[in-house]
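To start, the structure itself, in structure tokens.
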Amino acid sequence: MIEPQLDVREIQGHSLRGFDTPYLNLVGLKFGDSDSTRAWLSALSYRIDSLESVHQYRIIRSFASVRTPRLLLNVAISAHGLERIGTDVSTVEDGLFLNPMGLNAGLLGDRVDASMTPTEYLLGSSWDTTPDLLLIIGGDTAEATDTFTEQLSSAGAMAGCSSIYEERGALLAGAAEHFGFRDGISQVGVRGTLSGVADHYLTLRFLAPADPNAALFAKPGQPLVWPGQFVFGYPTQLPATPLDPGPLSGEEKPWMRNGSFLIFRRMRQDVIKFRSFVQQQAVNLTQALGRSVSPDEVGALIVGRWKDGSPTLLTPAQPNPAISADDMLINDFAYALGTPQMLIRGADGMDRVIPSEPDDHLAQRCPHFAHIRKVNPRDLPTDQGIQGRNLTFQMLRRGIPYGPPYPTSTEPTDRGLLFLAYQTSFKRQFQVLNSQWMNNPSAPELTNEGHDLLVGQNPAGADRVGTLRDPVGAPRASLITADRWVIPTGGGFFFAPSVSFLRTLN
Amino acid sequence: MPLYSPPAAIDDFSRRPALAPTLRSGWDARMRAFIAETKDATNPDLIVSGLFYDQLADTSGAPDPAPTGIPWNAFPQILTNWFATQPVANQEKLANDWAEKTITTDSLFGFFRKDSAGRFAPIPVTYRRQDEYCEWYVERTGNKIDRMYFTCEPPEYWTFLAENDITLVHDLYKELLHNQNIARDELTWPFDVYSAPNAQGQRTVLFKQGSYNPWNDWNTTKGAVHLTHWANSLDAEVRLASDGSLGWPQPAGAVDFHRLICCAAFGGVNRSSDPKIGGSVFSLAVQGLSIALSNPIGLYMQSFQLPGLRDPQGIPIPSALTFVRKSADGQNILRAEIAPPLGAEYSLDQCTVNGERFLYGGQVTRLITMSLFAVAKQIPGAKVTPVSTCLSTCCPYPTNGQFFGTFPNDRKTCAQRTDKDWARNLRDLADIQAHPLMTHALLLEEHIRPQQALYKVLGRSLAF
């Protein structure tokens, strides 16, 4: 099996590699006149950090004892923006991409009024409030990132663009999100090589060559997925034959090659409400289950992981630092069939054995309604078909928190997550995860299995329910709420083009 | 004594107050007979399951828990799999387009009529290839889409109604299809329908002239009232649940749904429904639980919304979607309809759904979750019926590894499977130009051998 060589100088680096910078600013611009915009974008292309550039930055950063501050820049353009600069998007068959997010807010489960207009959006209700261009600016220090941001905004203004949105994202301690849970643990591994050198893979391969799973996993819990799921012009993932390259995504549209779709959703987080809920439910579950249940355990049941990232499937009673500190263990679980023993290649030929882990198909350790189980069923067969299909729905998540951390500022302050995720089909990837699974209490495993109590949306006044069940499915206790603590406040669907696309605009 | 209710406990019987008691007891008897068939030890095509029970006939004393719902997606996965190796941009459109084309066969069902000379000729039967227990019909005038019907009503219920009161069925057809001009005799067979001859050369009358024809034009090419696909039936659902509860030879522990159905051949391996239903039932059975289908037995669309359905001006039209027949609590839907609001001067194809032009029923079906409901409990003394050997095995299609065929467990390798072996698996795809195997010559060969059914429709599978 030969993995495709990725065009590292054409693909923007945030999609396949991720900046992973402690600071990430987003700036949303509306274009002025087309000619000035095209000229500016073309010039800007020389400053774009390609996959090659970002990869080098990440490598150097992980090894350098003294960190050389870097600033990274990627861009993404909306369908409206693309049309403004003369690209015909009418033949792109993705109704989410072709419209402002507000048009499909109801489909996404966001709160809407009788005319289906979103009621909680700060941006993205219409094309007027959707950026034509999203600047994604990463940096190692807040000051440098902000300075670079100002420079870019000024340059955009000189090109006739106007700023309609700006937000500062920053990593929280422990790589956590605002509810306190470590985030971004589980990402699929993208197949593909960075050069013609043998085994020069984008995604590091940790399994020993002798391990029979080495062709399927980069490391325990990280399945390998063909890059066409995330970047146009490359082979896609086939459900039944994961080792075989599928048809190319975006094959019929050369201008999309080496580009990606990017969804941005600004997700406000109500930390006070969440904490209040888990505290109340700790009392409820203590009574219902006849044993002491802590608020942390309630949170872990809702998420599927403890705050330190250790999964409840592996450690149902309490967090396990030995697991959370070990990249080879923290994601080594599967619901339907458990995981096999794996061999991690070690230095000096001393391979490390990762033992097999049991399954949890009866959802006794990770509830059916847990967030990570709802949005990533792993090896479970679902309402959408065989388990191999699950990988075709996954995205590359590159989000970062915004707003001050909760203990620092206790008053209800706007804080949350700048959710960013790359894919090549909004309707076959994001929409399935969001609308068919996360917001659907009857999917992916069982009818009435429960809502995603962490991020799932419900109509105003309607309850969300998660029910803990015994092995035969009899209910033991329910978590019920009409509240939400993750509130979508707008966003947009964008296209992150190749470097050449930008360069040839002028 | 409790009775089995019609699907979703829909109350058509009250339209005929005098007949209602007969209808209620008759439907109950019909359902019990379906379940009793699964206990027929004389049937050579059946393995009786020790863990499948009749919910309303259970005398164990063990209380029934709340039903467990098993969900699957309504869009035919077989088409998604079939087109999976096509260019990505074409996959969805191809599947949506072909999903709406009916299939006409004069061999699959084995129906014959006697001509004036006394010779028997096969009768062409038209059915929809939508095989996930949800079927839909798109009503068009030229290129304009006037209306869409979505149904998951089983044919047995409608056949039962017709046996007792064909005028009730006629009334319902006219009402559901908004057409008072449907003639009653358009719903019935114009001649006696005979079976294929048995080993002794004898034929039986399957349907008498004038009796209800489930595949009449108003339920196939001109509308949709109930399911038409050969695998979409309550009988098949019951049989699937029974077969799923057998002790199939599978590794201990959690169940691989795909491996199970390849072993057991209790349904279509390329479907969303069968692997999920059979696998879910088996997962309960391996815990030693007995399984029954929960009353009322049926298969349902779960209630859904279409917030992204907008008129040509971009204005949402929630009233375009109606649930015409449903359970009392509105959760389990038997029939849905989409049409422009009354008085609208546009057609559905001028509307958008989720930002895209509304051109196919499949755009909606992909958003529908189907469910059936089972109960599972410990019944003292109930034991699993072990099956020592797999009945079947699967092979990937030679030029499309996402599509599978099911074959007898006869130790042949996949490479040894012939075009004829594959033909049975491609029954619902025979007319799709994309594949090369089902040649015109092969179809003709089947046509000129009418004296035996080449295969049997058995539950959710075509038996070997």
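Please treat every number below as a calculation from the coordinates, not as lab data. The structure displayed is predicted, hence computed values, not measured ones. Neighbour counts are summed over all protein chains in view; Cβ atoms, including those assigned to glycine, are modelled from backbone coordinates with ideal geometry.
Observations on the structure shown:
- Rounded to two decimals, the Cα-based Rg/Rh of segment B:119-268, with Kirkwood Rh, is 1.06.
- FRET efficiency, 1/(1 + (r/R0)^6) with R0 60 Å, evaluated for B:Gln86 and B:Leu3 via beta carbons: 0.75
- Test item: B:170-182 mean partner chain Cβ contacts at 10 Å: 0
- Shielding of B:316-323 by partner chains, average beta-carbon count, 10 Å: 1
- Taking N as its residue count, the alpha carbon Rg of segment A:7-143 over 2.2 N^0.38 Å: 1.23
- Rounded to the nearest 500, the 222 nm mean residue ellipticity of chain A from helices alone is -5500 deg cm²/dmol, with -39,500 (n - 2.57) taken per DSSP H run of at least 4 residues.
- Helical runs assigned H by DSSP (4 residues or longer) give chain B a calculated mean residue ellipticity at 222 nm of -7000 deg cm²/dmol, each run adding -39500 (n - 2.57) before division by the residue total.
- Test item: B:367-373 mean partner chain Cβ contacts at 10 Å: 4
- Residues of segment B:180-219 with amide N under 18 Å of the 7 Å Cα→Cβ point at B:Thr42: B:199-200
- Cα centroid separation, segment A:217-240 to segment A:345-371 (Å): 20
- Pair-distance distribution P(r) for chain B, from all Cα-Cα distances in 20 Å bins starting at 0: 23, 58, 19, 0 percent.
- Convex hull volume per residue, computed on the Cα atoms of segment B:342-420, equals 245 Å³.
- Distance between the C-alpha centres of segment B:179-198 and segment B:154-173: 13 Å, rounded to the whole angstrom.
- Working note: Karplus 6.51/-1.76/1.60 with θ = phi - 60° gives segment A:339-345 the couplings 10, x, 5, 10, 10, 9, 5 Hz, where Gly and Pro are set to x.
- Restricting segment A:40-91 to chymotrypsin sites (Phe, Trp or Tyr not before Pro) that sit in a DSSP loop and have at most 15 other Cβ atoms within 10 Å of their own Cβ leaves A:Tyr46.
- Taken as Cα centroids, segment B:39-56 and segment A:435-475 sit 34 Å apart, rounded to the nearest whole angstrom.
- Here the Karplus relation 6.51 cos²θ - 1.76 cosθ + 1.60, evaluated at θ = phi - 60°, turns the backbone of segment B:336-342 into coupling constants of 10, 9, 10, 8, x, x, 3 Hz, with x for every Gly and Pro.
- Cα coordinate range in the protein assembly as shown, projected on the principal axes (Å, largest first): 93, 61, 56
- Rg/Rh (Cα only; Kirkwood hydrodynamic radius) as it applies to segment B:51-165: 1.10
- Orientation-averaged projection of segment A:278-351 equals 6.0 nm² [convex hull of Cα atoms, one quarter of hull surface area].
- Its Cα gyration tensor gives segment B:224-300 an equivalent ellipsoid, and the semi-axes of that ellipsoid, as √(5λ) in whole Å with the largest first, are 23, 15, 9.
- Working from label points 7 Å from Cα in the Cα-to-Cβ sense, the A:Thr141 to B:Thr141 distance is 7.2 nm.
- Residues listed by number, segment A:190-217, amide nitrogen under 15 Å from A:Arg345 label point at 7 Å toward C-beta: A:192-194, A:197-217
- Interchain or long-range residues, amide H under 5 Å from A:Thr489's placed H: A:Arg266, A:Met267, A:Arg268
- Rg/Rg_ref, segment B:1-74, where Rg_ref = 2.2 N^0.38 Å and atoms are Cα: 1.36
- Using R0 = 56 Å, the C-beta based FRET efficiency linking B:Thr59 and A:Ala215 works out to 0.55.
- Computed from phi, the 3J(HN,Hα) profile of segment A:259-272 under the Karplus parametrisation 6.51, -1.76, 1.60 (θ = phi - 60°) reads x, 9, 7, 9, 9, 10, 10, 8, 10, 6, 10, 9, 5, 4 Hz, with x in place of Gly and Pro.
- Over chain B, Cα pairs under 8 Å with separation of 6+ residues give a relative contact order of 23 percent.
- Cα gyration tensor, segment A:393-438 - rounded (a/c under 1.5), prolate or oblate: prolate
- Look at the alpha carbon pairs under 8 Å that are at least 6 residues apart: their mean separation over the length of chain A gives a relative contact order of 22 percent.
- Residues B:Ser388 and B:Phe191, FRET efficiency given R0 of 35 Å [Cβ-Cβ distance, rounded to 0.05]: 0.15
- Put simply, the amide H of B:Val125, placed in the peptide plane, has neighbours under 5 Å in B:Thr105, B:Asp106, leaving out anything fewer than 5 places away on its chain.
- Solvent-free Debye scattering, log10 I(q)/I(0), computed from the Cα coordinates of chain A at q = 0.05, 0.06, 0.11 Å⁻¹: -0.18, -0.27, -0.95
- Counted by neighbouring Cβ atoms within 10 Å, the residues A:Leu479, B:Leu206, A:Leu73 run from fewest to most as B:Leu206, A:Leu73, A:Leu479.
- For A:Val112, the residues whose amide H sits under 5 Å from its own are A:Thr119, ignoring neighbours fewer than 5 places away on the same chain, with H placed 1.01 Å from N.
- Highest average first, the peptides A:432-440, A:177-185, A:304-312 ordered by how many other beta carbon atoms sit within 10 Å of their residues are A:304-312, A:432-440, A:177-185.
- Pairwise Cα distances in segment A:52-121 exceed 19 Å in 60 percent of cases.
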